[in-house]
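So the structure is just underneath, and the comments pick up after that.
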Amino acid sequence: MQGGPVDLDLRKLRYFVAVAERLHFGQAAAALHVTQPALSRQIQQLEHDLGVTLFTRNSREVTLTPAGEQFLHDAKALLAAGRVAQERARRIEAGEDSLTIGFMLGTDVTPALHAFSERQPAVRLELVRLRWWSRTDALVDGSVDVGFVRLPVESTSLTVLPLYRERLSVVLPAGHPLAAKDTLDVAALADQPLLRYADADPAWSAVWNADPLPGGTRLTPGPVVHDMEEILEYVRAGRGVILVPGPVAAVFPRPDIAYVPVADVPPGSERAGA
């Protein structure tokens, strides 16, 4: 199929996302409170409008095509941007002026907030926690106006401003042979299972897992983790180690956990994106 530029219908986008997330037309129709034939017609019309096939269907299953997988990512961003635009318009109509600020764990945003409030005391500030797997998505789709995020940032649509650099520390059980060291080289971790950040993009994982090592050695993959609480439990149990920014260590002091600075991994830059 071939198609030119079209005006996208947000309702069709919502229908598409509902089917794409469930990969089941019946379940999606029930969630949307529409009939399954009506939903199927809307999806077929969307595919016709776009000039691409979004789903592969047979009697047993529904799957996304490569074009459908990409469109799902973009459609979510468009729907989020639409919600943000509506909310901003309502706030302006109500005479409210606000700035939504995203931050990551361990980032010190307080000085910037104080400085901004001194200059713009009438602006209401809202804070949103950003996760490693969605730190730039919230900026790109407009959910936050400015974000304090850690590199790498791949989106070319963001303006970035370097603020400061952070050293990395390895998280170890307090009784680990390396835990008593003042610093260590990352090569000392070569035989340790490395916890992996869930849903992180490859560029992020390569930087924050120091993978591969400077000499090209690949670290042994360990369990996948979703947050700092999971990290600490896996480390305590001896199931793996992980690298974290130095400021994160200060947020989670534990008597059974040691944070040892890593000497030979370059510091990471922290940036504000808008």
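The values are calculated or read from the model by the stated rules, or taken from the named source; none is laboratory data. None of the values given here were measured: they were computed from a predicted structure. Quick reminder, even Gly has a Cβ in these numbers, built from the backbone with ideal geometry, and neighbours come from all protein chains shown. The protein model used for the area step is the full one, side chains on, heavy atoms only, and it has no ligands, DNA or RNA in it. Shrake-Rupley method; radii C 1.70, N 1.55, O 1.52, S 1.80 Å.
Here are some notes:
- Only beta bridges with both residues in segment 24-173 are counted; by DSSP, about 25 percent of them are antiparallel.
- Of all beta bridges that DSSP places with both ends in segment 146-274, some 75 percent have antiparallel geometry.
- Estimated translational D of the chain in µm²/s (Stokes, Kirkwood radius over Cα pairs; 10 °C; 1.306 mPa s): 73
- Reference-scaled alpha-carbon Rg (2.2 N^0.38 Å with N residues) for segment 81-161: 1.13
- Cα-based shape type of segment 48-120, given that a ≥ b ≥ c are square roots of the gyration tensor eigenvalues and the cut on a/c is 1.5: prolate
- Dividing the mean sequence gap of close Cα pairs (under 8 Å, 6+ apart) by how many residues the chain holds gives a relative contact order of 20 percent.
- For the residues 169, 59, a 1.4 Å probe over the protein chains yields an accessible-area ranking, largest first, of 59, 169.
- Estimated D of segment 170-274 in µm² per second, where Rh is the Kirkwood radius over Cα pairs and Stokes-Einstein applies at 20 °C, 1.002 mPa s: 152
- When DSSP beta bridges are restricted to pairs lying wholly in the chain, around 60% turn out antiparallel.
- Formal net charge of residues neighbouring residue 194 (Cβ-Cβ distance under 10 Å; K, R +1; D, E -1): +1
- Expected 222 nm ellipticity per residue - DSSP helices of 4 or more, -39500 (n - 2.57), all of the chain, to 500: -11000 deg cm²/dmol
- Computed on protein heavy atoms with a 1.4 Å probe, the accessible areas place 161, 32, 178 in the order 161, 32, 178, largest first.
- Loop-located trypsin sites (Lys or Arg not before Pro) across segment 1-65 with a Cβ neighbour count of 12 or fewer within 10 Å are 60, with loop assigned by DSSP.
- Candidate residues 24, 176: accessible-area rank, largest first, probe 1.4 Å: 24, 176
- Distance from the Cα centroid of segment 54-119 to that of segment 142-197 is 25 Å (rounded to whole angstrom).
- Cα pair distances exceeding 24 angstrom across segment 1-129, given as percent: 48
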